[in-house]
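J.: Below is one structure. I have some questions about it.
No lab work stands behind these numbers, since they all come straight from the coordinates. Note that this is a predicted model, so its numbers are computed, not measured. Don't worry about glycine lacking a Cβ; one is built from the backbone with ideal geometry, like all the others, and counts go over all protein chains shown.
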Amino acid sequence: MAKKKYKNWTIINDEDGISWLHLNVPKSSANILNEQVIIELEEIVKQLVSKPPTGVIFLSDKESGFIAGADINEFTTFESEQAALVNINRAHAIFNAIENLSCPTVALIHGFCLGGGMELALACRYRIAEEDSRLGLPEVKLGIHPGFGGTVRSIERMGSFAALDLILTGRSLKARQAKKTGLITYSVPQRHLLTAAKQTVLKPPKIKSLPWWEKIINSNLVRPLVAKILSKKVAKRAARSHYPAPYAIIDLWLKHLNNRTRMLEEEAKSIAHLLLGKTAQNLIRVFKLTDELKGLAKDKSVSINHIHVIGGGVMGGDIAIWCALQGYNVTLQDQRHETLAAVIQRGAKLYKKILKQTRLVNSTLDRLTADIKGNGLVKADVVIEAIFEDANVKCHLFKEIEPKMKRTAVIATNTSSIPLEQLTGSLKKPDRLVGLHFFNPVSKMPLVEIVVGEKTSKKAQQVAITLTKKIKKLPLPVTSTPGFLVNRILMPYLTEAVTLFEEGVPITVIDKIALEFGMPMGPIELADTVGLDICLHVAENLAESMPITVSEHLRELVAKKILGKKTGQGFYQFKKGKLVKPQLKSNYVAPTDIKERLILRLINETMACLREHVAGSKDLVDAGIIFGTGFAPFHGGPLQYVKDRGQEQVLMALENLEKRHGSRFKPDDGWKSIVIE
Ligand code: NAI
């Protein structure tokens with residue numbers, strides 16, 4: 001067997017004359033298609049073209065999978081569209097050459113096969129994937145689309161509907177689904193991979209053609225109609241002005257499907273254009289921020305086997321359910337049997353929805369134990385406290401449980417507003433207390449604030465951060481100051497929305513303007529969803545330290561037990577859990593500064609948090625606000641928004657608002673002392 005080694009690739013020619021192209025990018029846990037990999041591939045492909053072997057098989061030597069995608073770090077280095085296009089065209093030429101090789105070509109896939117990796121696989125004649133692999137074209141999540149011929153080739157393999165669905169949603173498919181849709185040729189068990197690849201080269205099977213009705217969908221007559229429907233569907237999730245990529249994909253398909261060469265050229269131009277745009281650059285930044293947050297889990301010595309949760313209410317129950325789902329043994333303690341029974345039922349429902357198979361649901365439920373007596377406390381490595389939001393009650397509990405806990409165990413409180421310093425008094429070892437502030441609903445919200453008090457030990461912090469990462473959430477360390485980061489910046493925004501309502505602006509108008517800015521939900525609907533009692537509680541707490549006025553109207557609603565979605569009535573009415581939008585008077589004219597008032601209050605508070613070092617850096621502040629509130633990701637976070645709009649400009653806008661609406665808009669001192677770069 002002849003062997004040739006490059007930095008990233010190794011070519012092994014076997015006794016049948018088949019070239020096995022092994023990819024193993026050094027110093028990286030996953031294979032990525034970086035510039036070096038592409039340059040080497042170019043040389044290899046040139047040789048294959050000049051002297052075609054019996055067949056070519058692409059495979060990965062990484063345990064993590066085939067190829068995770070292109071190198072995202074290179075996406076932010078292009079100085080112009082032209083420079084990006086040169087690089088993209090180079091990859092196009094290589095992939096075209098692979099596609100045109102006269103011998104059979106196979107991509108042999110295990111683990112992840114995403115983005116550029118999937119596009120390389122699509123350029124091969126056959127794709128064979130191990131049953132557990134995950135395949136997809138997730139580029140749209142970064143504000144771009146496939147750019148190495150993937151739009152054209154996925155449509156050819158899967159048909160227009162299936163391919164466009166895959167590209168527009170960015171979701172990934174399991175091998176079996178991928179086989180059904182035509183994205184891959186075969187899905188086989190791990191042990192058969194090598195034989196299947198070899199057999200495919202030696203006895204190349206006929207490639208299935210697409211069903212007859214594909215011709216109809218793709219015809220010049222029907223395509224505009226389908227494109228219109230698709231655009232409408234996309235518009236429900238993402239506005240063209242905020243997220244141009246999905247619309248660019250539909251346009252490519254609509255305008256160029258009939259001309260393959262042209263569609264490939266236009267794909268390259270389109271992605272080069274999108275890559276240099278603000279949306280893609282900001283979404284790429286957001287993607288990197290998730291990595292930064294995950295990277296905070298540094299202490300490899302942290303070992304967590306058992307979690308004991310105390311308080312089985314809305315939060316404690318859901319935290320216990322989630323931790324068991326992620327593989328932990330969890331005991332859940334509450335004062336009431338009924339509460340514990342309700343949590344187990346809630347867990348079973350969620351597990352059924354996510355895991356589907358009874359066997360998996362049952363084994364997950366086995367890890368979640370109702371524990372009224374608190375027997376699990378003694379073996380727990382982490383005790384999560386989620387009882388009533390009352391400092392005295394929490395202190396009393398801590399005093400009671402500490403003597404029974406393991407010497408090394410950490411106490412993590414889910415308090416949403418009490419500074420840790422008010423809770424450490426009752427503890428013999430105050431350095432074991434850390435905040436683990438989950439957001440509601442736990443299963444959906446990606447962020448957990450790691451609240452670090454004056455006395456919190458480094459070890460307790462690392463335990464909290466590691467646990468958060470292990471349960472697939474994003475950890476953000478914050479100081480133990482009122483409201484921490486997320487609630488603190490949300491509150492001025494929410495109270496401004498209520499002030500606008502009290503001034504007579506219809507709630508639908510307020511929410512619509514926030515949505516137009518790019519928020520995932522309007523502030524009034526958000527308040528109703530979180531619960532008006534909880535909003536009031538947080539507002540009252542924060543009003544002691546921040547310039548916010550607690551609305552009398554809000555107090556009245558809460559006094560009347562009008563609490564939002566959970567009671568069927570809040571600012572909005574809810575029927576069967578669905579929000580009922582009130583009709584807007586046709587002659588209503590909204591004030592012009594609603595967006596500025598909402599967003600700049602949030603941004604001014606963000607600046608205050610940055611100045612006070614509530615989170616470690618500008619990037620971490622932005623990350624926390626994006627993942628904790630859903631703040632329009634395409635803006636890249638509030639501080640990135642300030643940078644893009646111009647710091648001076650934002651400051652002037654705040655000063656104008658202060659003149660018109662009063663001191664709550666007074667620019668924070670940070671505007672003068674900090675430069676957002
Ligand atoms: P909840 O009122 O729904 O649940 C509290 C549970 O604790 C009840 O089931 C109660 O029986 C139990 N409990 C009280 N004292 C106990 C004790 N000594 N031993 C055992 N069980 C005890 O409250 P919720 O909303 O779940 O809040 C819990 C904590 O999470 C609070 O600190 C709250 O501030 C915080 N939080 C709440 C959020 C929310 O949206 N509800 C969001 C983030 C944090």
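J.: Based on the Cα coordinates of the stretch 2-276, what is the per residue volume of their convex hull in Å³?
T.: About 123 Å³ per residue, rounded to a whole number.
J.: May I pose another question? Which value, in debye to the nearest 20, gives the size of the charge dipole of the stretch 306-485 about its Cα centre, when Lys and Arg are +1 and Asp and Glu are -1 at the Cβ?
T.: That gives the stretch 306-485 a dipole magnitude of about 780 debye.
J.: Let me ask another. Would you give the gap between the C-alpha center of the stretch 205-253 and the C-alpha center of the stretch 80-150, rounded to a whole Å?
T.: Going from one Cα centre to the other spans 20 Å.
J.: Averaging sequence separations of C-alpha pairs under 8 Å and six or more residues apart, then dividing by the length of the stretch 306-485, give the relative contact order as a whole percent.
T.: 20 percent
J.: Which of 405, 456, 380 sits farthest toward the positive end of the charge dipole of the stretch 306-485, with +1 on the Cβ of Lys and Arg and -1 on the Cβ of Asp and Glu?
T.: 380
J.: Among the aspartates and glutamates, which fall within straight-line cross-link reach of residue 578, defined as a Cα-Cα distance under 13 Å, with same-chain neighbours fewer than 8 residues apart omitted?
T.: 525, 528
J.: How much of the DSSP beta bridge set in the stretch 2-276 is antiparallel, as a percent to the nearest 5?
T.: Of the beta bridges lying entirely in the stretch 2-276, close to 35 percent run antiparallel.
J.: Using per-residue counts of other Cβ atoms within 10 Å, averaged over each peptide, order 439-450, 110-121 from highest down.
T.: 110-121, 439-450
J.: Assign one of three labels to the stretch 306-485, namely rounded, prolate or oblate, based on the Cα gyration tensor with a ≥ b ≥ c the square roots of its eigenvalues; rounded applies when a/c is under 1.5, prolate when it is not and a/b is larger than b/c, and oblate otherwise.
T.: It is prolate, given that a/c is not under 1.5 and a/b is the larger ratio.
J.: Kirkwood-based Rg over Rh for the chain (C-alpha set), two decimals?
T.: 1.00
J.: List the GluC sites (Glu not before Pro) in the stretch 525-628 that DSSP assigns to loop (not H, G, I, E or B) and whose Cβ has at most 12 other Cβ atoms within 10 Å. Which are they?
T.: Passing both the DSSP loop test and the Cβ count: 544.
J.: On to the next question. Sorted by average packing, counted as other Cβ atoms within 10 angstrom per residue and highest first, what order do 494-507, 127-140 take?
T.: 127-140, 494-507
J.: Looking at the chain, what % of its DSSP beta bridges pair antiparallel, to the nearest 5?
T.: The answer is about 30 percent antiparallel.
J.: Further question: Please give every one of the lysines within straight-line cross-link reach of residue 255, meaning a C-alpha to C-alpha distance under 27 Å, and leave out same-chain neighbours fewer than 8 residues apart.
T.: The qualifying lysines are 141, 208, 215, 228, 232, 233, 236, 269, 278.
J.: Moving on to the next point. Rank these for me by crowding, 180, 236, 353, going from fewest to most other beta carbons within 10 Å.
T.: Fewest-to-most Cβ neighbours within 10 Å comes out as 236, 353, 180.
J.: Another question, if that's okay. How large is ³J(HN,Hα), in whole Hz, for each residue of the stretch 534-542 in order, when computed from phi with the Karplus curve 6.51 cos²θ - 1.76 cosθ + 1.60 and θ = phi - 60°, using x for Gly and Pro?
T.: 5, 4, 4, 4, 5, 4, 4, 4, 7
J.: When 607, 652, 546 are ordered from fewest to most other Cβ atoms inside 10 Å of their Cβ, what list results?
T.: Exposure proxy ranking, most exposed first: 652, 546, 607.
J.: A further question follows. Is there a pair in 618/666; 455/561; 428/473 whose C-alpha atoms are over 27 Å apart, and which pairs would that be?
T.: Going by Cα-Cα distance, 455/561; 428/473 fall outside the 27 Å limit.
J.: Sticking with this one: Write out the trypsin sites (Lys or Arg not before Pro) in the stretch 507-585 meeting two conditions: DSSP loop, and at most 11 other Cβ atoms within 10 Å of their Cβ.
T.: Taking the stretch 507-585 and a limit of 11 other Cβ atoms within 10 Å, the loop trypsin sites (Lys or Arg not before Pro) found are 560, 561, 576, 585.
J.: If you don't mind, there's one more thing I want to ask. If contacts are Cα pairs under 8 angstrom and at least 6 residues apart, what is the relative contact order of the stretch 579-661 in percent?
T.: Reported as a whole number, the value is 23 percent.
J.: Quick check for me: using +1 on Lys/Arg Cβ and -1 on Asp/Glu Cβ, what's the dipole size of the chain about its Cα centre, in debye to the nearest 20?
T.: With only Lys, Arg, Asp and Glu charged at Cβ, the dipole is about 2340 debye.
J.: Here is the link list: 7/298; 4/180; 356/470. Which ones come out longer than 27 Å on Cα distance?
T.: Among 7/298; 4/180; 356/470, the Cα-Cα distance tops 27 Å for 7/298; 4/180.
J.: What does the net charge come to around residue 574 if you take all other residues with beta carbon closer than 13 Å to its beta carbon, with K and R at +1 and D and E at -1?
T.: +4
J.: While we're looking at this one, here's another question. Under the √(5λ) rule applied to the eigenvalues of the Cα gyration tensor, what semi-axes describe the equivalent ellipsoid of the stretch 52-169? Give them in Å, descending.
T.: Ellipsoid half-lengths, sorted descending, are 22, 17, 15 Å.
J.: Would you mind checking the tilt of helix 507-517 against the longest principal axis of the Cα atoms of the chain, expressed as 0 to 90 degrees and rounded to 10?
T.: Helix 507-517 sits at roughly 40 degrees to that axis.
J.: State, as an integer percentage, the relative contact order of the chain based on alpha-carbon contacts under 8 Å between residues 6 or more apart.
T.: 8 percent
J.: So, counting K/R as plus one and D/E as minus one, what does the shell of residues with Cβ under 15 Å around residue 455 add up to?
T.: +1
J.: Angle check, please: helix 244-256 long axis (alpha carbons) against the longest principal axis of the chain (alpha carbons), in degrees 0 to 90, nearest 10.
T.: 30 degrees
J.: Given that compact globular proteins tend to follow 2.2 N^0.38 Å, what is the ratio of the alpha-carbon Rg of the stretch 548-627 to that value?
T.: 1.53
J.: Follow-up question, since we're still on this one. To make sure I understand, if each residue's beta carbon is the centre and we count other beta carbons within 10 Å, what order do 306, 661, 437 fall in, fewest to most?
T.: If I rank by nearby Cβ atoms, fewest first, I get 661, 306, 437.
J.: Which of the trypsin sites (Lys or Arg not before Pro) across the stretch 1-30 are loop residues per DSSP, with 10 or fewer other Cβ within 10 Å?
T.: Taking the stretch 1-30 and a limit of 10 other Cβ atoms within 10 Å, the loop trypsin sites (Lys or Arg not before Pro) found are 27.
J.: With the dipole of the stretch 571-671 worked out from charges on the C-beta (+1 for Lys and Arg, -1 for Asp and Glu) around the Cα centre, which of 653, 580, 610 lies farthest toward the positive end?
T.: 580
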